[in-house]
1. Could you pull the accessible area for residue 506 with a 1.4 Å probe, rounded to 10 Å²?
2. May I ask you to give the solvent-accessible area per residue for the range 249-295, in square angstrom, as obtained with a 1.4 angstrom probe?
3. Placing one identical point scatterer on every Cα of the range 419-544 and ignoring solvent, what is log10 I(q)/I(0) from the Debye formula at q = 0.12, 0.14, 0.15 Å⁻¹?
4. At 0.36 nm per residue, and after removing the present C-alpha to C-alpha distance, how many nm does the segment from residue 266 to residue 505 gain when stretched out fully?
5. What whole-number value in cubic angstrom gives the convex hull volume per residue for the C-alpha atoms of the range 396-445?
6. With the crude spin-label approximation of a point 7 Å out along Cα→Cβ, what separation in nm comes out for residue 144 versus residue 537?
7. Rounded to the nearest 0.05, what FRET efficiency do residue 437 and residue 163 give with R0 = 30 Å and r taken as the Cβ-Cβ distance? Could you check?
8. How high is the relative contact order of the range 407-533, in percent, with contacts defined as C-alpha pairs under 8 Å that are six or more residues apart?
Amino acid sequence: AASAVPGYSPGFKKPPATLRLKRKRLRRSELPPAAAGPPPCGAAPVAPSALARRNPFSMLILCCILHSFIQLLEAVCEDKPVRRAEPSERTDILALTDDLHLPVAIPEVPSSPRCEFPADWSIKTRLLFMSSQPFTWAEHLKAHEEAQGFAQHCRATETNLPQSIQEPKLSTELRCAFQQSLVYWLHPSLPWLQLFPRIGVDRKIVGKASPWSQDEALQQVLMSDWSVSFTSLYNLLKAKLCPYFYVCTYQFTVLFRAAGLAGSDVITAVISPTTRGLREAMRNEGIEFSLPLVEESRARKQKDSQVNLETEAANSLETGNSMEDGEEPAPSDDDDESFSWLEEMGVQDKVKKPDAISIKLRKEKHEVQMDHRPESLALVKGTNTFTLLNFLINCKSLVAVAGPQAGLPPTLLSPVAFRGGTMQTLKARSINAKARVHLAYKDVFSLEIVGPVMPHSLHSLTTLLRAAQRGAFSAVFYAHEPTAVFNAHLDDASPALNKETVHKDLTACGLHPKTLDQLSQCPTLGKSCIRFLEMKDYAYTWKS
């Protein structure tokens, strides 16, 4: 009788077809309709995992992204500051590149409108221009326009556009100048590796092919080739055929500037960030350098201390407790070697004086505390820059010995061609969107530039947009933060440099005269950089 039962299998050595069907997981296409009734008697209930699961937060996430995107566009159109995203909202609301960046927090107080914005010596990694006028003129350059742009760059051709261009898309001169402004020179050139920035990017290049990391012979070849390129750039700088260039290592960045730029009449090199070990090695090599930000802070503290002493003395005179004639005020605490004031108080035997070792340790502690900080900026000038060149070429710690960047020479970035340099172009693309303004939607056009944007490119691009967008656009800048301190004012700068002399000396450096005017001025941004730029009626305002 048991054998007459359909689907019966003695001992369950082979599951019967009915049991196999019950356990079979339903596919997405075989899901029963939602309105289906309860399962028939004897049928096993479908497991919850068998149903197609849907992320319950998908719509919430999408709404948050759209809300943030609309909020940014509204802020741009209504001239409102952009709010920095909270930690829970850390999604790039523009999503224009693979690298996620937080929206820039724009300060409330902008600068006063001016015809030109100050020089910004930081390297930008991304620019986002926005305007009510389309950027179609920057799209799909023709072959001859691209070739003409490259030729204009190599020949340092000056392009002077009118104040306003009625039909930017039909202006071949504008499109060629746009291609010209995107060109820069790089060494070494390894297309499969990201060679800028070099600080804090180990995660992005880990796992990439690096055959030189375990091959010392190949490392020597790369460093020898790099030394030739580095020396070529310095010779061009010294001959005033190159205005400036950057040396980007995995620990610090060096900016070499020709005489006449940044208000200095000699060649200068600024290094940031530095460490006590690097500074000590430079001293041992006979390189004379200064720490402008440290000296500025020390001078400010001394001035404040002097003001406090004078205030205390005035208060003492008012209360009748004036100091005796000829009595000097107590020296500052910063003077570790002067303890004469203890004798004046009569407690020189009761107070234990610090020994020389304690004083040295205290000084070293202050010196180490500023390591890897913007305040550690070192300035080298004049003939010492040549000594710095030789020091960097022979410095073993210039190249990482372990990690993803092991054996990889530093990156050289230059606005002009040099021996061993490779021509590269910044990546540009335009995007169209709509933003809600006063209960209505308005077209907002944007142009994104990605890559190592150097100061001359930033000025050239804004000059082009001035004419193409009819004097009205805004921009958000993303900077490589370790280079923002290059905008610090140097105490030894010479603000009285003659503009005509600078133009005469640097006429063959490859920069447009207006760009040269900007870069020859003394830096005024301090330890910060421009993060938001806006033009209205052909006048700039910026926020840093």
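The values are calculated or read from the model by the stated rules, or taken from the named source; none is laboratory data. In this text the structure is predicted, and so the values were computed from the model without any measurement. All Cβ positions, glycine included, derive from the backbone under ideal geometry; neighbour counts span all protein chains shown. Heavy atoms of the whole protein, side chains included, go into the accessibility calculation; ligands, DNA and RNA do not. Shrake-Rupley method; radii C 1.70, N 1.55, O 1.52, S 1.80 Å.
1. 0
2. 32
3. Cα-only, vacuum Debye calculation for the range 419-544: -0.61, -0.82, -0.92.
4. Gain on stretching residue 266 to residue 505: 84.8 nm.
5. In the range 396-445, the Cα convex hull volume per residue is 194 Å³.
6. 4.1
7. For R0 = 30 Å, the calculated efficiency reads 0.65.
8. 24
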